[in-house]
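Report on the structure given below.
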Amino acid sequence: MRESTSTTETDTFSSPAPVLSLSPVVLSVPGRPVDLQVRVSAPVTGTDLPVILLSHGHGPSNNLSSLNGYAPLANYWAAHGFVVIQPTHLSSRTLSHLHTDTPGGSLFWRSRIEDMKHILDRLGVIEGAVPQLAGRMDHSKVAVAGHSLGGHTASVLLGARLTDPDGGEEVNLIEPRITTGVLLAAPGRGGDVLNGRMAKNVPFFLTTDFSTMTTPALVVAGDKDDSQHFTDMGPDWHADPYTLAPGPKTLLTLFDAEHGLGGIAGYDVAETTDENPERVAAVQRLTWAYLRTELYPGDPAWQAARDALTDGPNPLGRVESK
């Protein structure tokens, strides 16, 4: 019998499926200084599986900023019916030998976006390379998610624009094959507010324009995520992709959460300053439920997750939408 993740079959938070994960799946990309390597995670059962492209951040650990990071999210999403594809971007610390003289080396912001487009171009190749996955993916239902610098990558794919600091031209790299997304502790606006000690290292942040980010998205921000090395705006800076973008958008503000959002980048990693398994579980459930309902309109998962967030005397966060 053919199993399906149709719109009438809502996965439950309490019934994860076994997950298969394969890495690296290697894609040769002309002009890229090294091959594009990705990790693919998927449930062992089910067909018509939607896809999440997950863009890593640029933290201090050696391997979290690669296809080996973000297991708490990738495993959960895969166990609940998604195919999760994680590239190792050229900005990864695992490729630090590229950083000095390679063109585009300002955190490889454009290459990161191009990586995601290459993955979409080669979905069939990726599907065929993973045992037991062939014929099980729904190539028409694709979301993007990104944490920190990965949130910038995702925001541009969702429609945000910027001025190329090298060429001076406006960059529009919206990806129509991506129909929804999740921005996790993503960077906010540029301009005069980008005045921290690290601001000079990210000139592509300076002109970010969220007014063109029209694709539906969930913005996840911690109310203690104060990125003083970039701005003195405080935690509100990470809500800019919601505040400054047109609807439909949703903002999930997590109480007492810092940049690691409780520990989403990996299990028990030292750089998580706000380690909180309960918070990570909330991020897992809410991001999954948001994407599920966006990709399958009418699915009750998002409303159920919202209700659970605020149920009880000590809610973990709040949700607002426009």
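The values are calculated or read from the model by the stated rules, or taken from the named source; none is laboratory data. Computed from a predicted structure; not experimentally measured. Here the Cβ positions follow ideal geometry from the backbone for every residue, glycine too, while neighbour counts run over all protein chains shown. Heavy atoms of the whole protein, side chains included, go into the accessibility calculation; ligands, DNA and RNA do not. Shrake-Rupley method; radii C 1.70, N 1.55, O 1.52, S 1.80 Å.
Between 194, 218, which is closer than 17 Å to residue 257 by Cα and either open to solvent by less than 50 Å² (accessible area, probe 1.4 Å) or modelled with pLDDT of 95 or more (or both)?
Every option except 218 fails the conditions.
Quick check on residue 42: is it modelled with pLDDT of 95 or more, closer than 19 Å to residue 282 by Cα and of a type in the set (A, V, I, L, M)?
So residue 42 fails the test.
Would you confirm, using the coordinates I've provided, whether residue 261 is out of contact with any Ser or Thr (no Cβ under 7 Å at 6 or more places or on another chain), under 19 Å from residue 315 (Cα atoms) and assigned to a loop (DSSP other than H, G, I, E, B)?
Yes: the conditions hold for residue 261.
Matching residues to (1) open to solvent by 10 Å² or more (accessible area, probe 1.4 Å); (2) within 20 Å of residue 242 (Cβ to Cβ); (3) of a type in the set (Asp, Glu):
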| position | (1), (2), (3) |
| --- | --- |
| 164 | yes, no, yes |
| 167 | yes, no, no |
| 170 | yes, no, yes |
| 179 | yes, yes, no |
| 186 | no, yes, no |
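Just to verify a result, which residue in the range 5-39, among those that are surrounded by fewer than 14 Cβ atoms within 10 Å (Cβ to Cβ) and polar (S, T, N, Q), is modelled with the highest pLDDT?
The residue in question is 28.
Only one of (1) within 22 Å of residue 280 (Cα to Cα); (2) surrounded by fewer than 17 Cβ atoms within 10 Å (Cβ to Cβ); (3) touching a Lys or Arg at 6+ places or on another chain (Cβ under 9 Å); (4) not acidic (Asp, Glu) fails for residue 229. Which number is that?
Among (1) within 22 Å of residue 280 (Cα to Cα); (2) surrounded by fewer than 17 Cβ atoms within 10 Å (Cβ to Cβ); (3) touching a Lys or Arg at 6+ places or on another chain (Cβ under 9 Å); (4) not acidic (Asp, Glu), the lone unmet condition for residue 229 is (1).
Need pairs with beta-carbon distance below 7 Å; first residue under 25 Å from residue 138 (Cα atoms) and within the range 287-314, second open to solvent by 60 Å² or more (accessible area, probe 1.4 Å) and in a helix (DSSP H, G or I); sequence gap 6+ or separate chains.
305/285
With respect to residue 143, determine if the residue is over 25 Å from residue 201 (Cβ atoms), open to solvent by less than 10 Å² (accessible area, probe 1.4 Å) and within 15 Å of the chain's Cα centre (by Cα).
yes
If residue 211 satisfies every condition in (1) free of Cβ contacts under 8 Å to residues at least 40 places away in the same chain; (2) of a type in the set (Ser, Thr, Tyr); (3) crowded, with 18+ Cβ neighbours inside 10 Å but one, which is the exception?
Residue 211 satisfies all of (1) free of Cβ contacts under 8 Å to residues at least 40 places away in the same chain; (2) of a type in the set (Ser, Thr, Tyr); (3) crowded, with 18+ Cβ neighbours inside 10 Å except (3).
Looking only at the range 275-294, which residues are open to solvent by 10 Å² or more (accessible area, probe 1.4 Å) and closer than 18 Å to residue 224 by Cβ?
Scanning the range 275-294 gives 275, 276, 277, 278, 279, 280.
Hey, could you check the range 235-249 for residues that are open to solvent by 10 Å² or more (accessible area, probe 1.4 Å) and of a type outside the set (Asp, Glu) and say which is nearest to residue 300 (Cα to Cα)?
Across the range 235-249, the extreme among qualifying residues is 248.
Residues that are under 16 Å from residue 42 (Cβ atoms) and touching a residue at least 12 places away in the same chain (Cβ under 8 Å): find the helices (runs of 4 or more DSSP H) completely inside the range 67-179 holding 3 or more of those.
It comes to 71-79, 123-129.
Suppose we keep only residues that are more than 21 Å from residue 261 (Cβ to Cβ) and small (Gly, Ala, Ser) within the range 46-103. Which one would you say is modelled with the lowest pLDDT?
My answer is 96.
Quick one: in the range 16-39, which of the residues that are polar (S, T, N, Q) and touching a residue at least 12 places away in the same chain (Cβ under 8 Å) is nearest to residue 284 (Cα to Cα)?
So, considering only residues that are polar (S, T, N, Q) and touching a residue at least 12 places away in the same chain (Cβ under 8 Å), the one nearest to residue 284 (Cα to Cα) is 21.
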